[in-house]
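Engineer: Take this structure, written in structure tokens, and hold onto it; I'll ask about it next.
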Amino acid sequence: MNERREAGYEFDNNKLLEYNHMSFGGPPVIVKTDEEANELLKNIQLESAIEEEVLAAPPKLVYSRLILRFTRKLLVAVRDRWDSHVPAINKVIPPSWQNEPGGKILELSILHLAMSEIAMLDTRHQIVINEAVDLAKRFCDGAAPRIINGCLRSFYRDLELEASNKRV
């Protein structure tokens with residue numbers, strides 16, 4: 001996008017090329033020496049600085065119009081379907097999540113986004129479920145990816161069943 005749209009903001013496009021959009025952590029890192037630890041810390045700080053630069057930039061400079069339009073559609077779909085998705089989510093999430101909804105806000109947000117994308121934007125459910133599971137692997141803990149996978153598959157089955165009942 002054109003940088004002139006954001007007066008006074010200078011964005012280094014090379015940072016965007018260096019930024020790893022798909023970093024998903026990985027296994028725990030073990031170092032044996034202080035030198036290895038210092039090198040690892042230096043690399044992490046460099047990656048964090050790049051990530052900070054990209055994430056702090058105005059979205060119009062980082063993302064294409066297509067991505068921004070899709071994001072807007074998705075957020076509108078979440079807003080429009082929120083009330084209808086709450087009972088569907090409560091039907092499929094484990095009781096432990098229902099007892100502590102504030103502690104599972106990220107997991108529930110992923111479910112709302114994915115359910116809205118499947119129901120309103122007609123994105124193939126396999127793609128949406130895989131992306132939701134990847135988000136859960138990156139940002140959530142423990143069994144969240146498996147639970148989100150199961151919840152979304154149940155939601156999709158119910159959606160298909162409802163659609164087939166309407167056709168009959």
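Values quoted throughout were computed directly from the atomic coordinates according to the rules given, and no laboratory measurement underlies them. Everything numeric here is computed off the predicted structure, so don't read it as measured data. Because the Cβ atoms are built from the backbone with ideal geometry, glycine has one as well, and the counts that use them run over all protein chains shown.
Engineer: How about the stretch 59-149: which trypsin sites (Lys or Arg not before Pro) there are in a DSSP loop, with at most 13 other Cβ atoms within 10 Å of their Cβ?
Structural biologist: On the way: sites: 60, 65, 69, 72, 73, 79, 81, 91, 104, 124, 137, 138, 146; in loops: 124.
Of the trypsin sites (Lys or Arg not before Pro), the ones in loops of the stretch 59-149 whose Cβ has at most 13 other Cβ atoms within 10 Å are 124.
Engineer: Less than 21 Å apart at the alpha-carbon level, and either on another chain or at least 8 residues along: which lysines does that give for residue 73?
Structural biologist: Within the straight-line cut-off, residue 73 pairs with 60.
Engineer: Same structure again: In degrees, nearest 10, range 0 to 90: what is the angle between the Cα axis of helix 105-120 and the longest Cα principal axis of the chain?
Structural biologist: Tilt of helix 105-120: around 60 degrees.
Engineer: Using 1/(1 + (r/R0)^6) with R0 = 30 angstrom and r between the beta carbons of residue 40 and residue 18, what's the FRET efficiency to the nearest 0.05?
Structural biologist: Details: r = 18 Å, r/R0 = 0.59.
Between residue 40 and residue 18 the formula returns 0.95.
Engineer: Between 0 and 90 degrees, rounded to the nearest ten: what's the tilt of helix 65-92 against the longest Cα principal axis of the chain?
Structural biologist: Taking the Cα atoms of the chain, the angle to 65-92 is about 50 degrees.
Engineer: Can you tell me the orientation of helix 34-56 relative to the chain, as the angle in degrees between its alpha-carbon axis and the longest Cα principal axis, to the nearest 10?
Structural biologist: 60 degrees
Engineer: Cross-link candidates for residue 137: which aspartates and glutamates have Cα within less than 13 Å, leaving aside residues fewer than 8 places away along the same chain?
Structural biologist: 107
Engineer: On a straight-distance basis, which lysines could pair with residue 91 in a cross-link, Cα separation under 16 angstrom, same-chain partners fewer than 8 positions away excluded?
Structural biologist: The reachable lysines, counting only those whose Cα sits under 16 Å from residue 91, are 104.
Engineer: Now a separate question. Count the net charge of all other residues whose Cβ sits under 12 Å from the Cβ of residue 79, scoring Lys and Arg as +1 and Asp and Glu as -1.
Structural biologist: Details: positive: 72, 73, 81; negative: 80, 83.
Combined, the nearby Lys, Arg, Asp and Glu give +1.
Engineer: So if we plug the beta-carbon distance of residue 141 and residue 72 into 1/(1 + (r/R0)^6) with R0 = 22 Å, what FRET efficiency do we get, rounded to 0.05? Walk me through the intermediate numbers first.
Structural biologist: Values: r = 30 Å, r/R0 = 1.37.
Working from the Cβ atoms, E equals 0.15.
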